[in-house]
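A.B. asks: What follows is a single structure, and I will ask about it in a moment.
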Amino acid sequence: MTTQMINLAQDRERGLTLGAELIKAGQLVAFPTETVYGLGANGFDYAAVAKIFEAKGRPADNPLILHVAHREDALPLVSTFSDTAKRLAEIFWPGPLTLVLPKSGIIPNNVTANLDTVAVRCPGHDDARALIEKAGVPIAAPSANTSSRPSPTRAQHVLADLNGKIPLILDGGECTLGVESTVLALEPKPLLLRPGLVTKEALERVIGEVEVHAAVLAEASEDGGAPSPGMKHRHYAPNAEVFVVTGESCAEITRKICESYDAAHARGKCVILATEQTAPFYSGRNYVIMGNRDKPESVCTSLFSCLREAEAAGAQTIFIEALEAKGAGLAFMNRALRSAGFRFL
Ligand code: TXA
Ligand code: MG
């Protein structure tokens with residue numbers, strides 16, 4: 001199969017029209033959202049959804065998010081939309097929040113990996129919502145990467161992973177947030193399954209206490225204890241050995257990175273994922289700047305593209321600076337630790 005790429009900045013109508021036609025015909029379409037690129041299929045079509053799992057090499061026990069164009073389009077997908085869910089949808093939709101809700105009877109089992117809940121989100125990206133609206137069905141979409149690879153924040157990342165496996169990529173430029181949506185379960189009480197840029201703190205201002213699932217910052221057990229099946233699979237890993245480097249201060253982090261770098265670089269190329277504040281400490285070494293430590297959302301936004309950049313530069317070892325795990329820093333640490341397979345220094 002040849003993979004066509006259409007630039008939405010130049011050819012929006014044609015791109016969205018062809019995209020919607022392909023979705024209706026049971027094909028896959030990669031499309032931009034404000035978080036990361038999604039790999040979409042008709043969420044009501046079992047066979048189309050099965051193609052997502054095949055193209056990504058995704059384990060069948062990892063359920064998908066259904067994307068809707070309007071808040072109210074979530075209603076037929078769930079059996080109950082609680083007051084808490086309504087309040088969250090009113091405030092955060094369209095936007096980077098996914099709600100896990102009891103599912104209605106109309107959703108194919110492969111979307112939810114046979115769970116009795118469904119994950120729903122209304123994306124905060126005009127082209128994404130326009131595509132869903134034109135297709136006339138909810139779009140099931142995981143991130144448009146090969147399973148276990150870093151999520152794609154540019155159309156080129158999608159092409160690198162899925163060229164020849166899908167008919168169309170809609171190129172909407174760089175994703176503004178760069179990290180996937182927050183995933184929140186509500187029953188029996190609010191539980192954060194995947195942190196994102198709708199932070200725990202922002203959710204708590206609306207609905208009170210939100211618990212953070214233990215597997216957000218730790219390795220989930222293989223025994224099925226993970227309520228979000230995605231937690232237990234390898235994630236976000238580039239083709240290199242990755243370490244997250246923690247410390248009490250920037251001075252400690254940079255010192256540990258420089259020591260490990262100098263010990264490792266004779267054996268193969270090393271790249272440091274640095275921040276504006278720490279970059280001066282790495283002169284003479286290979287580094288890329290993710291963002292500003294005082295704006296953890298900026299560091300989050302470029303983590304995945306920096307991982308891919310370091311990989312493309314031939315890195316054999318990648319050192320990622322840790323951030324404090326609160327606010328957007330929690331989303332960052334969740335992704336960084338998984339990309340490192342929980343190896344840290
Ligand atoms: O920002 C995003 O959410 C992007 C864009 C494309 O919308 N999508 C995305 O999808 O990140 P994916 O499939 O890569 O991640 C979905 C996560 C997985 O960790 C999955 O296990 C979890 O949501 N999930 C989906 N349905 C669930 C359910 N019913 N219960 C618990 N977790 C669920
Ligand atoms: Mg993903």
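A.B. asks: For the full complex of protein chains and a 1.4 angstrom probe, list 295, 200, 134 by accessible area with the highest value first. Please report the intermediate quantities before stating the final value.
C.D. replies: Details: 295 110, 200 55, 134 80 Å².
From most exposed to least exposed: 295, 134, 200.
A.B. asks: In the neighborhood of residue 170, defined by Cβ-to-Cβ distances under 11 Å, what is the net charge if each Lys or Arg adds +1 and each Asp or Glu adds -1?
C.D. replies: Neighbour charge sum, excluding residue 170 itself: -1.
A.B. asks: In deg cm²/dmol, rounded to 500, what helix-only [θ] at 222 nm does the chain give when every DSSP H run of at least 4 residues adds -39500 (n - 2.57) and the total is split over its residues?
C.D. replies: -10000 deg cm²/dmol
A.B. asks: Once a ≥ b ≥ c are taken as the square roots of the eigenvalues of the Cα gyration tensor of segment 289-345, is the result rounded (a/c under 1.5), prolate (a/b larger than b/c) or oblate (a/b not larger than b/c)? It would help to have the intermediate numbers written out before the result.
C.D. replies: Working: a/c = 2.19, a/b = 1.38, b/c = 1.58.
Oblate shape, in that a/c is at least 1.5 and b/c is the bigger or equal ratio.
A.B. asks: Computed from the mean reciprocal separation of all distinct C-alpha pairs, what Kirkwood hydrodynamic radius does segment 42-185 have, in Å? Spell out each step's value before the answer.
C.D. replies: Numbers: mean 1/r = 0.0644 Å⁻¹.
Value: 15.5 Å, from the Cα pair sum.
A.B. asks: Another question, then. Restricting to DSSP loop positions (anything but H, G, I, E, B) with no more than 16 other Cβ atoms inside 10 Å of their own Cβ, which GluC sites (Glu not before Pro) remain in segment 252-342?
C.D. replies: Hits after loop and neighbour filter: 276, 324.
A.B. asks: Now a separate question. Compare the Cα positions of 74, 111, 317 along the charge dipole of the chain (+1 at Cβ of Lys, Arg; -1 at Cβ of Asp, Glu; about the Cα centre) and return the one farthest towards the positive end.
C.D. replies: Going by the Cα projections, it comes out as 317.
A.B. asks: To the nearest 20 debye, what charge dipole does segment 198-345 have about its Cα centre, counting +1 at the Cβ of each Lys and Arg and -1 at the Cβ of each Asp and Glu? Display every interim value, and only then the final one.
C.D. replies: Details: 16 positive and 19 negative charges, 83 e Å.
Computed about the Cα centre, the dipole is about 400 debye.
A.B. asks: Too long at a 31 Å Cα-Cα cut-off: which of 24/103; 51/269; 86/326; 103/134?
C.D. replies: Long pairs (Cα-Cα over 31 Å): 51/269.
A.B. asks: Kirkwood Rh over alpha-carbon pairs of segment 1-59, then Stokes-Einstein at 25 °C and 0.890 mPa s: what D in µm² s⁻¹, rounded to an integer?
C.D. replies: 201
The values are calculated or read from the model by the stated rules, or taken from the named source; none is laboratory data. Source: prediction; values computed, not measured. Backbone-built Cβ (ideal geometry, glycine too); neighbour counts: all protein chains shown. With ligands, DNA and RNA removed, areas are computed over all heavy atoms of the protein, side chains included. Shrake-Rupley method; radii C 1.70, N 1.55, O 1.52, S 1.80 Å.
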